[in-house]
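Bear in mind these aren't lab numbers, they're just calculated from the coordinates by the rules spelled out. The model shown is predicted, which means the values in this text are computed figures rather than measured ones. Every residue, glycine as well, gets a Cβ built from its backbone with ideal geometry; the counts of neighbours run over all protein chains shown.
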Amino acid sequence: MKKQKDYKKIIGFWLLVFLVGGLGGLFFVKGFLPWLAGVKPFDKIGWLSDFRDGTTIINKTEKIYLTQDAAYQEAVARVLSAVVDVRIERSGKKIAEQSGFISTNDGLIMTAGPILSGTKVFVVRDSKEYEAQIIKQDKENSLAVLKINETNLPVVSFGEINSLKIGETIFLAGAKVTEKVFSPFIVSGFVGGTQPTLNVSFYNDQDLINGGPLANIRGEVFGLALVSKNKELQIVASDKISALLK
């Protein structure tokens, strides 16, 4: 007569095996390995030393993500480092104030024009004031190139206006002198359309300032802002700026 198997004993046996194995593994990870990590020469093994903190890392992989916010802040800082305040005076009285940006490290500055003859132009950067020379003007595109006596200046890089995409983040950088304090700032916006012409929108149109650089999230200047008194915006593309600088 064939002997019947006692399934309860078999199941109990394997449950006991798994239980003992699990407890043994837990002791091995939580007790033996942390102890071993403090014993020479095992304390020199990188992954083993992690057991002292209760962390098990066999293959460590580090991933660094550059977020859009970080990239945007970096681009803003780069452009703002080259932004200046431009003050135009006649007979000692201020007749206009606008922004501009450093285009070459030996002191060429691009700003909005035209600048009338018989006026003096002063440039403020980092609370330091310079009297600027008017080097040349492009009256057709309302641009002016100034020169200050300074070297080793930060400059902007130019990007193509045609490379902008709908929905892309852009910003207008500017600077003002308020109560003798140099104050750079930005106005954030986005590209609303590219055809038939570029259309950009800003979150606060009241802060737009004439002569400031327009830049993308990579910190590339794609144009210069011409802002009318009623806050209508025109953009002079970077290729026209580069042509005037030659």
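Taking the dipole about the Cα centre of region 113-246, with the C-beta of Lys and Arg at +1 and of Asp and Glu at -1, give me whichever of A144, I217, G167 is farthest to the positive side.
Highest projection toward the positive end goes to A144.
Rank the residues S117, S228 as a footprinting-exposure proxy: fewest other Cβ atoms within 10 Å of their Cβ go first.
Ordered from fewest to most neighbouring Cβ atoms within 10 Å, S117, S228 come out as S117, S228.
What pairs from K93/K246; K180/K229; K94/K147; K128/K165; K120/K165; K180/K231 go past 28 Å between their alpha carbons?
The answer is K93/K246; K128/K165; K120/K165.
I need R87, R218 ordered by Cβ neighbour count within 10 Å, fewest first. Write out the running numbers ahead of the final one.
On the way: R87 19, R218 14.
Neighbour counts put them in this order, fewest first: R218, R87.
What does the net charge come to around V191 if you take all other residues with beta carbon closer than 14 Å to its beta carbon, with K and R at +1 and D and E at -1? Can you show the working numbers first?
Numbers: positive: K165, R218; negative: E160, E168, E220.
Local net charge: -1.
Between N152 and S183, take the C-beta separation as r, use R0 = 25 Å, and let me know the FRET efficiency to the nearest 0.05. Intermediate results must be reported in sequence, preceding the final value.
Working: r = 23 Å, r/R0 = 0.93.
About 0.60, to the nearest 0.05.
What order, most packed first, do the peptides 198-209, 98-109 have when packing is the mean number of other Cβ atoms within 10 Å of each residue? List each step's numbers first, then the result.
On the way: 198-209: 14.8, 98-109: 21.5.
Descending mean neighbour count gives 98-109, 198-209.
According to a simple spin-label model (label point 7 Å from Cα along Cα-to-Cβ), what is the distance in nm between D205 and A243?
Computed distance between label sites A243 and D205 equals 2.9 nm.
In what order do E150, E131 fall by count of nearby beta-carbon atoms within 10 Å, going from fewest to most? Could the numbers behind the result be given before it?
Details: E150 15, E131 12.
Placing the least packed residue first, the sequence is E131, E150.
Gain in length, I217 to A71, computed as 0.36 nm per residue apart minus the alpha-carbon separation, to one decimal in nm? Present the calculation step by step, with values, prior to reporting the outcome.
Details: separation 146, 0.36 × 146 = 52.56 nm, distance 0.67 nm.
Here the answer is 51.9 nm.
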